[in-house]
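See structure below.
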Amino acid sequence: MRINYIICFLILTIFSTVNAQSKRQFIKVEVPVIEQKLNELVIEKLNSKKNNGCLKYKQNGNVEVKYCDNNSEDNYVEYDELGKIKDTEIIVVNKFTHNEEFYILINPKESKTLTLYGFPLKIENSNKYLVYNNPSTDIPYSIQILEMKNGELKKIDEILYPIDITIKKVLRVDKSEIFILDSKNQVWKTSINK
């Protein structure tokens, strides 16, 4: 019975996300847009060591979370700790599979993790961050928008771009809109959900 509730919840979540994405409009912009600077996060090295191919972390002081390598042909995965985001407790782990790469942000004090499609970039003079994906051919381009509050990064929106728009770079993120430059040097804007 409990599994049925979980399945129903997941289906409703997926449909609501797809529905919100289908209502999102992408408008071509003809006026110049002032570009913002995007800065890489500063990562401080930790001295964690893999034990039997596993990275282990304590959350809330007692719950242990493991990220273990798997070298099998069918389920290949490798984890590499990058370190801790400066001035936070957030640990960054790089996850590799045969075809994809992810970044896992681990907040040990809050017992929370966040999986991202790319490495977060800080938007100048703000507490917001962007994550671009580098998709394989059958996955659309997307941008995840994160916000840092009280030492924790939270995802506030994910924008899936139509197949005919190939992202070259993000130009600007305002409170309610994002402006991107595509591979044809056209500027597009769309709204940000809050």
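Please name all residue pairs, on different chains or six or more residues apart, with Cβ atoms under 9 Å, provided the first residue is in the stretch 106-130 and is acidic (D, E) and the second residue is assigned to a loop (DSSP other than H, G, I, E, B) and surrounded by fewer than 14 Cβ atoms within 10 Å (Cβ to Cβ). Final answer for the pair search is E110/N60; E110/E89; E110/G151; E124/K37.
Is at least one residue of the stretch 60-67 in a loop (DSSP other than H, G, I, E, B), at pLDDT 85 or above, surrounded by 10 or more Cβ atoms within 10 Å (Cβ to Cβ) and basic (K, R)? Taking every residue of the stretch 60-67 in turn, none turns out to be in a loop (DSSP other than H, G, I, E, B), at pLDDT 85 or above, surrounded by 10 or more Cβ atoms within 10 Å (Cβ to Cβ) and basic (K, R). Regarding V93, is this residue modelled with pLDDT of 90 or more, open to solvent by less than 70 Å² (accessible area, probe 1.4 Å) and under 21 Å from V42 (Cβ atoms)? So V93 passes the test.
Quick grid of which residues meet (1) modelled with pLDDT of 90 or more; (2) not aliphatic (A, V, I, L, M):
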{"residue": "E110", "(1), (2)": "no, yes"}
{"residue": "I143", "(1), (2)": "yes, no"}
{"residue": "K155", "(1), (2)": "yes, yes"}
{"residue": "I159", "(1), (2)": "yes, no"}
{"residue": "V170", "(1), (2)": "yes, no"}
{"residue": "E177", "(1), (2)": "yes, yes"}
{"residue": "I180", "(1), (2)": "yes, no"}
{"residue": "Q186", "(1), (2)": "yes, yes"}
{"residue": "K189", "(1), (2)": "yes, yes"}
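Applying the set (1) of a type outside the set (F, W, Y); (2) closer than 19 Å to L130 by Cβ; (3) under 16 Å from the mean Cα position of the chain (by Cα); (4) open to solvent by 80 Å² or more (accessible area, probe 1.4 Å) to K86 leaves exactly one unmet item: (3). Kindly evaluate E101 against the criterion of being under 30 Å from S48 (Cα atoms) and open to solvent by less than 60 Å² (accessible area, probe 1.4 Å). For E101, the condition - under 30 Å from S48 (Cα atoms) and open to solvent by less than 60 Å² (accessible area, probe 1.4 Å) - is not met. Put simply, of S22, S48, S72, S16 the only residue that is at pLDDT 90 or above and of a type in the set (G, A, S) is S72. Within the stretch 151-194, track down each residue that is of a type in the set (A, V, I, L, M), open to solvent by 40 Å² or more (accessible area, probe 1.4 Å) and over 29 Å from E89 (Cβ atoms). Correct list: L160, I163.
Scanning the stretch 104-136 for residues that are closer than 28 Å to S72 by Cα and open to solvent by less than 40 Å² (accessible area, probe 1.4 Å) gives I104, L105, I106, L114, L116, G118, N133, P135.
Restrict the check to the stretch 137-150 and report whether at least one residue is closer than 22 Å to I43 by Cβ, open to solvent by 50 Å² or more (accessible area, probe 1.4 Å) and in contact (Cβ under 8 Å) with a residue 12 or more places away in the chain. Yes, the stretch 137-150 contains at least one residue that is closer than 22 Å to I43 by Cβ, open to solvent by 50 Å² or more (accessible area, probe 1.4 Å) and in contact (Cβ under 8 Å) with a residue 12 or more places away in the chain. Give the residue that is nearest to the chain's Cα centre (by Cα), with candidates limited to residues of the stretch 50-83 that are without any contact (Cβ under 8 Å) to a residue 12 or more places away in the chain and closer than 17 Å to P108 by Cα. Here the residue is K56. Scan the stretch 26-41 residue by residue and report those that are in a loop (DSSP other than H, G, I, E, B) and at pLDDT 90 or above. If the condition is that a residue be in a loop (DSSP other than H, G, I, E, B) and at pLDDT 90 or above, then F26, E30, V31, P32, V33, I34, E35, Q36, K37 are the ones that fit. Scanning the stretch 100-129 for residues that are part of a strand (DSSP E or B) and either among the polar types (S, T, N, Q) or touching a helix residue (DSSP H, G or I) at 6+ places or on another chain (Cβ under 7 Å) (or both) gives N107, T113, T115.
The values are calculated or read from the model by the stated rules, or taken from the named source; none is laboratory data. If you're wondering where the values come from, they're calculated on a predicted model, not measured in any experiment. Neighbour counts are summed over all protein chains in view; Cβ atoms, including those assigned to glycine, are modelled from backbone coordinates with ideal geometry. With ligands, DNA and RNA removed, areas are computed over all heavy atoms of the protein, side chains included. Shrake-Rupley method; radii C 1.70, N 1.55, O 1.52, S 1.80 Å.
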